[in-house]
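Chemist: Sharing a structure, written as structure tokens. Questions coming.
The values are calculated or read from the model by the stated rules, or taken from the named source; none is laboratory data. These figures come from a predicted structure and were not determined experimentally. Ideal geometry is used to build each Cβ from the backbone, glycine not excepted, and the neighbour counts take in all protein chains shown. What goes into the accessible areas is simple: the full protein's heavy atoms, side chains included, and nothing from ligands, DNA or RNA. Shrake-Rupley method; radii C 1.70, N 1.55, O 1.52, S 1.80 Å.
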Amino acid sequence: MKKIACIGDKDSVLCFMAIGCSVFIAESAEEAAKTLRNLAADESYPIIFLTEKYYNAMPGVIDDYAEKALPAIISLPGSSGSEGTGLANIKALVEKAIGADITFNN
């Protein structure tokens, strides 16, 4: 059975248990990276949410999975709010797909 994982600090990820995600609490970016690698190797977790704090702290690890279809590693805002990582990722993907930045600044 395929599952969804959520990795991050306790305050940011515990609420995801309520919707059936497997929650993995990490105290450091190194611990989060180790957990991410283990979950990716398991192949039971095609979707892995990772708090922005840890997502931004391990670009090399994220890059290892960037060209693979699974697992999909998605950044989540932490309990302290968004750092803008998710929007920046979407912007980069759109720019890569169409070859131009289509952001409208008012």
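Chemist: So how many residues does the range 1-51 have that are out of contact with any strand residue (DSSP E or B) (no Cβ under 7 Å at 6 or more places or on another chain), more than 11 Å from residue 71 (Cβ to Cβ) and open to solvent by 90 Å² or more (accessible area, probe 1.4 Å)?
Modeler: Count: 8.
Chemist: Given 77, 71, which one is of a type outside the set (S, T, N, Q) and at pLDDT 90 or above?
Modeler: Numbers: 77 fails: at pLDDT 90 or above.
The unique qualifying residue is 71.
Chemist: A further question follows. Restricting the first residue to the range 43-68 and requiring it to be at positive phi, which pairs with a second residue that is of a type outside the set (D, E, K, R) and surrounded by 12 or more Cβ atoms within 10 Å (Cβ to Cβ) meet a Cβ separation below 9 Å and a spacing of at least six or different chains?
Modeler: 43/70; 43/71
Chemist: I'd like the full set of residues that are closer than 13 Å to residue 4 by Cβ and out of contact with any strand residue (DSSP E or B) (no Cβ under 8 Å at 6 or more places or on another chain), limited to the range 52-75.
Modeler: Within the range 52-75, the first condition is being closer than 13 Å to residue 4 by Cβ, and the residues that meet it are 70-74.
Answer for the range 52-75, where residues must be closer than 13 Å to residue 4 by Cβ and out of contact with any strand residue (DSSP E or B) (no Cβ under 8 Å at 6 or more places or on another chain): just 70.
Chemist: Scanning for something of a type outside the set (Asp, Glu), at positive phi and not in a loop (DSSP other than H, G, I, E, B), does the range 24-36 turn up at least one residue? Quick ask: steps written out before the conclusion?
Modeler: Here is the first cut: in the range 24-36, the residues of a type outside the set (Asp, Glu) are 24-26, 28-29, 32-36.
If we keep only those that are at positive phi as well, we get none.
No; the residues of the range 24-36 include none that is of a type outside the set (Asp, Glu), at positive phi and not in a loop (DSSP other than H, G, I, E, B).
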